[in-house]
Amino acid sequence: MSKKLPGISGNMAVKAFVKAGWRFDRTSGSHAILRKEGSTVTLSVPLHDELRKGLLKALIKDAGMDVDEFSRYL
């Protein structure tokens, strides 16, 4: 059963993605750009106080993860 998406900040999301194997590449304006070795996908995570649930879910999906897997890295 899938967990409920947590309300987290952009910085917390970046830290979780880094723990999951993504690499911080650079900052572009107010967004952190993350890349993963061997992947053509680039994640652009806004560094806001709290990410909206739909955006967080889309980032998790783009990263090839599910909510349960992402929650383990928080």
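Taken together, the values in this text are just the output of simple stated rules run on the coordinates, not laboratory data. The shown structure was predicted, so the numbers you read here are calculated from the model rather than taken from an experiment. Reconstructed Cβ throughout: ideal geometry from the backbone, glycine too, with neighbour counts over all protein chains shown.
In the range 39-74, how many residues are surrounded by 15 or more Cβ atoms within 10 Å (Cβ to Cβ) and either without any contact (Cβ under 8 Å) to a residue 12 or more places away in the chain or of a type in the set (A, V, I, L, M, F, W, C) (or both)?
11
With the checklist (1) of a type in the set (Gly, Ala, Ser); (2) surrounded by fewer than 16 Cβ atoms within 10 Å (Cβ to Cβ); (3) out of contact with any Pro (no Cβ under 7 Å at 6 or more places or on another chain) in hand, flag the one item residue 16 doesn't pass.
(2) is the only condition that residue 16 fails.
For residues in the range 1-38 being among the small types (Gly, Ala, Ser), in contact (Cβ under 8 Å) with a residue 12 or more places away in the chain and assigned to a loop (DSSP other than H, G, I, E, B), which is farthest from residue 71 (Cα to Cα)?
Among residues in the range 1-38 that are among the small types (Gly, Ala, Ser), in contact (Cβ under 8 Å) with a residue 12 or more places away in the chain and assigned to a loop (DSSP other than H, G, I, E, B), the one farthest from residue 71 (Cα to Cα) is 30.
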